[in-house]
Amino acid sequence: MTLFGISETNIIETGDREDMTIDSRGTDDHVSLSSNWTIPNLTMSGIESVYIFKKGENRYLVECWGGMTGNYVVTREGIEELGTTLLSNQEPIPSWTIYSRPDELPDWVPSDYHPPDPVECDKCGTEVAVTTILTPMTAEKYEKYCPDCWNDSL
Ligand SMILES: [Zn+2]
């Protein structure tokens with residue numbers, strides 16, 4: 001299994017949970033990607049969030065958190081591969097959302113990336129953020145609910 005499409009030759013080091021630098025998350029400039037889980041009736045598994053720290057021109061630390069944890073040091077090309085895998089050709093409700101501190105996207109983010117637009121609730125028509133919309137698993141069809149309509153349907 002490759003991690004987010006990163007070629008093995010672009011992974012410089014791999015580490016485990018003990019090596020992770022969670023304490024620095026609040027202070028260092030960093031970028032984080034969050035898995036945008038919108039299915040209310042299914043438990044999320046796997047990697048929930050990814051923190052990326054630039055450590056040098058050709059050195060990026062990638063920390064993965066969630067049901068699967070681990071950390072990797074990857075090359076510049078490797079971080080571009082990750083960006084392409086997670087942020088290119090996004091669906092209207094993307095699987096991953098990106099946050100950057102400072103509030104400026106890093107240059108490895110693919111050029112076709114743009115922040116997702118709000119989406120409409122199928123029931124009441126309210127526009128809600130892609131991180132708020134819910135897409136329950138149903139056999140019928142693809143449905144999108146705002147949290148209020150979803151709660152009403154329960
Ligand atoms: Zn609604």
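The values are calculated or read from the model by the stated rules, or taken from the named source; none is laboratory data. The structure presented is a predicted model; accordingly, all values stated were derived computationally and were not measured. Cβ: placed from backbone, ideal geometry, glycine included. Neighbour counts: every protein chain shown.
What are the residue pairs meeting all of these: first residue in the stretch 94-107, first residue more than 16 Å from Leu61 (Cα to Cα) and at pLDDT 90 or above, second residue β-branched (Val, Ile, Thr) and exposed (fewer than 15 other Cβ atoms within 10 Å of the Cβ), Cβ atoms under 7 Å, and 6 or more apart or on different chains?
Qualifying pairs under 7 Å: Thr97/Thr131.
Considering only residues that are farther than 14 Å from Gly56 by Cβ and among the polar types (S, T, N, Q), which ones fall in the stretch 72-93?
Answer for the stretch 72-93, where residues must be farther than 14 Å from Gly56 by Cβ and among the polar types (S, T, N, Q): Thr84, Thr85, Ser88, Asn89, Gln90.
Would you mind telling me which numbered condition in (1) without any contact (Cβ under 8 Å) to a residue 12 or more places away in the chain; (2) in contact with a Leu (Cβ under 9 Å, 6 or more places away or on another chain) Thr138 fails?
(2)
Looking only at the stretch 118-128, decide whether some residue is touching a residue at least 40 places away in the same chain (Cβ under 8 Å) and not small (Gly, Ala, Ser).
The answer is no, given that none of the residues of the stretch 118-128 is touching a residue at least 40 places away in the same chain (Cβ under 8 Å) and not small (Gly, Ala, Ser).
Mind checking which residues of the stretch 101-125 are surrounded by 16 or more Cβ atoms within 10 Å (Cβ to Cβ) and within 16 Å of the ligand (Cβ to nearest atom)?
Val119, Cys121
Out of the residues in the stretch 126-137 that are part of a loop (DSSP other than H, G, I, E, B) and under 24 Å from the mean Cα position of the chain (by Cα), state the one that is farthest from the ligand (Cβ to nearest atom).
Restricting to residues being part of a loop (DSSP other than H, G, I, E, B) and under 24 Å from the mean Cα position of the chain (by Cα), the top hit is Met137.
I'd like the residue in the stretch 74-100 that is outside any loop (DSSP other than H, G, I, E, B) and of a type in the set (Ser, Thr, Tyr) and, out of all such residues, is surrounded by the fewest Cβ atoms within 10 Å (Cβ to Cβ).
Tyr99
Which condition does Gly70 not pass, out of (1) within 27 Å of Pro40 (Cβ to Cβ); (2) at pLDDT below 95; (3) touching a Gly at 6+ places or on another chain (Cβ under 9 Å); (4) not basic (Lys, Arg), if it passes all the others?
Status for Gly70: all satisfied but (1).
Of the residues that make up the stretch 11-31, is at least one modelled with pLDDT of 95 or more and of a type in the set (Gly, Ala, Ser)?
no
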